[in-house]
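These notes concern the structure reproduced below.
The values are calculated or read from the model by the stated rules, or taken from the named source; none is laboratory data. Just so it is clear, the model here is predicted, and its values are computed rather than measured. All Cβ positions, even for glycine, are placed from backbone atoms using ideal geometry, and neighbour counts span all protein chains on display.
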Amino acid sequence: MEKITQPAMYFFCREYRTTPPGMLAYVRHIPKELFAAAQQFGLEIAGVMQWHYQGFNPASNEPFNLRIGIPVISPKPVLNPYKCIELPAFECYAALHCGAWSEMLRSYSLIFNKLNDSGIQVSGETREQYLLCNFDREQDNLTYIQVGIK
């Protein structure tokens, strides 16, 4: 686990209000849609697919805000339901999760336990950067988890 500051970035995305079970409907479908739409709007992709969570608690079915998107080189006008926004720098602790997403709760628990033991307060925002998504061999997934801090 390392402390980093994710630089500010332009982000092409869609935003949702959903629940933990509800967000599963967005896997695969929305990323494909976003990459196609980015091409249609003439956006130059600058990074990997990301999911940003605000107020997410995997242990509950309470609604939370979800932003799914990709970094882009520069903003351009886009049509609804898409947004092209500038995100500020993001101070966080980050760790690489190697393996299936169904096992990611373990990685999150390790991060949150270390932060709690160190007295570091979290901001309520977490991000996941999908470095490698392998739906045929989930054990090969590589996900960079970022937990925002105050």
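Tell me whether the stretch 83-98 contains one or more residues that are in a strand (DSSP E or B), closer than 20 Å to residue 33 by Cα and among the β-branched types (Val, Ile, Thr). Yes. The single condition from (1) farther than 20 Å from residue 5 by Cβ; (2) part of a loop (DSSP other than H, G, I, E, B) that residue 119 fails is (1).
Yes/no matrix, rows are residues, columns are (1) free of Cβ contacts under 8 Å to residues at least 60 places away in the same chain; (2) buried (at least 17 other Cβ atoms within 10 Å of the Cβ):
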position: 17; (1), (2): yes, no
position: 22; (1), (2): yes, no
position: 52; (1), (2): no, yes
position: 67; (1), (2): yes, yes
position: 81; (1), (2): no, no
position: 87; (1), (2): no, yes
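Taking the stretch 12-35 as the range and being closer than 10 Å to residue 66 by Cα and among the acidic types (Asp, Glu) as the test, only 15 passes.
In the condition set (1) over 18 Å from residue 23 (Cβ atoms); (2) modelled with pLDDT of 95 or more; (3) among the polar types (S, T, N, Q), residue 109 is compliant with all but (2). With respect to the conditions (1) over 18 Å from residue 104 (Cα atoms); (2) within 15 Å of the chain's Cα centre (by Cα); (3) surrounded by 13 or more Cβ atoms within 10 Å (Cβ to Cβ), residue 27 falls short on a single one, namely (1).
As a summary of the residue check, residue 79 satisfies the conditions (1) of a type in the set (A, V, I, L, M, F, W, C); (2) under 26 Å from residue 107 (Cβ atoms); (3) not in a helix (DSSP H, G or I) except for the one numbered (2). When residues in the stretch 89-141 are screened for being among the aromatic types (Phe, Trp, Tyr), touching a helix residue (DSSP H, G or I) at 6+ places or on another chain (Cβ under 9 Å) and in contact (Cβ under 8 Å) with a residue 60 or more places away in the chain, 2 of them pass.
For the stretch 30-42, a residue qualifies if it is touching a residue at least 12 places away in the same chain (Cβ under 8 Å) and either at positive phi or loosely packed, with under 11 Cβ neighbours inside 10 Å (or both), and exactly one does: 42. Condition test on residue 102, is it surrounded by 14 or more Cβ atoms within 10 Å (Cβ to Cβ) and assigned to a helix (DSSP H, G or I)? In short, no.
Here's a check for you: in the stretch 38-59, which residue that is of a type in the set (Gly, Ala, Ser) and under 19 Å from the mean Cα position of the chain (by Cα) is nearest to residue 109 (Cα to Cα)?
Among those residues, the one meeting the criterion is 59.
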